[in-house]
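The values are calculated or read from the model by the stated rules, or taken from the named source; none is laboratory data. Just so you know, these numbers come straight off a predicted model, no measurement behind them. So basically every Cβ, Gly included, is an ideal-geometry build from the backbone, and we count neighbours across all protein chains shown. Ligands, DNA and RNA are stripped out before the accessible areas are found, and what is left, the full protein with its side chains, is counted by its heavy atoms. Shrake-Rupley method; radii C 1.70, N 1.55, O 1.52, S 1.80 Å.
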Amino acid sequence: MRLVYPVLALLAVSATYPAIKAEPEVVDGGTFTLYLRGARIGEERFFIRKEEAGGGAPIYRAGAELLLKLDVGTTMRIGVALETLGSTCQPRRYEAEINGTEAKSIVGTMVRDRIRLDIRSPSGDEMTEFLLRGKAAILDKHIAHHHFFAWKQLDGNPSTEATVLIPREKAKLAATIEDVGLELVELAGAEFELRHITITAEGRPARHVWLDGERVMKVEVPEEGFIAERSDTAS
């Protein structure tokens with residue numbers, strides 16, 4: 001089963017929103033190097049853009065392509081795209097295409113207070129729905145730039161409760177997101193003062209995220225041995 005990356009296609013999806021007022025603002029973009037239990041497993045190339053629409057609610061559009069080698073002789077290619085609405089980046093649409101041994105495609109569409117996931121794979125098609133009320137963020141597996149959207153849930157507060165959705169696992173979890181404060185972190189042989197936030201979801205290991213302003217610089221899940229570090233540390 002061969003799938004086509006949806007990143008560029010999603011950027012054209014705007015029929016449900018008011019007309020864009022200005023050219024998109026580049027919020028962030030670059031590359032993460034990904035590690036699992038000390039071994040380099042691949043990289044993630046991503047972008048995040050912001051657009052101002054009528055009514056003053058910002059639209060964020062993000063996309064990434066990943067090349068992962070999780071097992072010897074096995075390569076997984078992943079394309080993801082996300083569209084959110086408002087200052088706290090509430091999910092509106094999500095797409096993922098996975099090529100490899102776990103080949104599947106996922107389209108998530110938000111209608112009112114529910115998100116519908118349509119999943120296609122060689123074993124067949126399925127659909128599932130989740131109720132999403134209040135703050136919510138999509139944090140799919142091994143995707144580093146998604147943590148920008150989790151950080152936006154804080155909206156300037158030291159902590160908040162939110163729902164975390166993991167589409168590839170068809171999981172919806174209650175989570176606590178906390179701002180731990182500023183810390184000195186070493187990246188690429190240099191030391192940076194970064195903001196540290198934690199994301200603790202029910203029944204899952206804690207995620208640690210470090211940001212330079214709005215730029216996610218590092219993500220770590222110690223219990224899983226997963227680390228994502230920015231390859232481009234210059235602002």
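What tally of residues in the range 70-102 results from selecting those that are over 29 Å from ASN157 (Cα atoms), modelled with pLDDT of 90 or more and either open to solvent by 50 Å² or more (accessible area, probe 1.4 Å) or hydroxyl-bearing (Ser, Thr, Tyr) (or both)?
1
Are any residues in the range 32-47 under 21 Å from GLU223 (Cα atoms), in a strand (DSSP E or B) and not acidic (Asp, Glu), and if so, which ones?
PHE32, THR33, LEU34, TYR35, LEU36, ALA39, ARG40, ILE41, GLY42
If THR84 meets every condition in (1) more than 26 Å from GLU51 (Cα to Cα); (2) touching a helix residue (DSSP H, G or I) at 6+ places or on another chain (Cβ under 9 Å) apart from one, which number is that one?
THR84 satisfies all of (1) more than 26 Å from GLU51 (Cα to Cα); (2) touching a helix residue (DSSP H, G or I) at 6+ places or on another chain (Cβ under 9 Å) except (1).
Out of all the residues in the range 103-132, which are open to solvent by 20 Å² or more (accessible area, probe 1.4 Å), touching a residue at least 24 places away in the same chain (Cβ under 8 Å) and assigned to a loop (DSSP other than H, G, I, E, B)?
PRO122
Looking at (1) touching a strand residue (DSSP E or B) at 6+ places or on another chain (Cβ under 6 Å); (2) buried (at least 19 other Cβ atoms within 10 Å of the Cβ), which one does LEU154 not meet, given that it meets all the others?
(2)
Within the range 48-82, work out how many residues are outside any strand (DSSP E or B) and of a type in the set (Val, Ile, Thr). Give the steps one after another, and end with the answer.
Step one: of the range 48-82, the residues outside any strand (DSSP E or B) are 54-57, 72-73.
With the extra rule that they be of a type in the set (Val, Ile, Thr), the set shrinks to 72.
The number of residues fulfilling the criteria is 1.
Within the range 140-151, can you find the residues that are open to solvent by 10 Å² or more (accessible area, probe 1.4 Å) and either among the aliphatic types (A, V, I, L, M) or out of contact with any helix residue (DSSP H, G or I) (no Cβ under 7 Å at 6 or more places or on another chain) (or both)? Spell out the reasoning first.
Filtering the range 140-151 for residues open to solvent by 10 Å² or more (accessible area, probe 1.4 Å) gives 141-142, 151.
Once the filter is applied, which keeps residues that are open to solvent by 10 Å² or more (accessible area, probe 1.4 Å) and either among the aliphatic types (A, V, I, L, M) or out of contact with any helix residue (DSSP H, G or I) (no Cβ under 7 Å at 6 or more places or on another chain) (or both), the range 140-151 yields HIS142, TRP151.
Tell me, please, whether a residue that is within 27 Å of GLY108 (Cβ to Cβ), open to solvent by 80 Å² or more (accessible area, probe 1.4 Å) and at pLDDT below 95 can be found in the range 174-195. Steps first, answer last, please.
Looking only at the range 174-195, we keep the residues that are within 27 Å of GLY108 (Cβ to Cβ), and these are 174-178.
Keeping just the survivors that are open to solvent by 80 Å² or more (accessible area, probe 1.4 Å) gives 178.
Then keep just the ones that are at pLDDT below 95; that gives none.
No - not one qualifying residue is present in the range 174-195.
Determine whether the range 185-200 contains at least one residue that is assigned to a strand (DSSP E or B) and touching a helix residue (DSSP H, G or I) at 6+ places or on another chain (Cβ under 7 Å).
Yes; the residues of the range 185-200 include at least one that is assigned to a strand (DSSP E or B) and touching a helix residue (DSSP H, G or I) at 6+ places or on another chain (Cβ under 7 Å).
Could you tell me whether the range 213-220 includes any residue that is buried (at least 18 other Cβ atoms within 10 Å of the Cβ), at pLDDT below 95 and on the phi < 0 side of the Ramachandran plot?
No, the range 213-220 contains no residue that is buried (at least 18 other Cβ atoms within 10 Å of the Cβ), at pLDDT below 95 and on the phi < 0 side of the Ramachandran plot.
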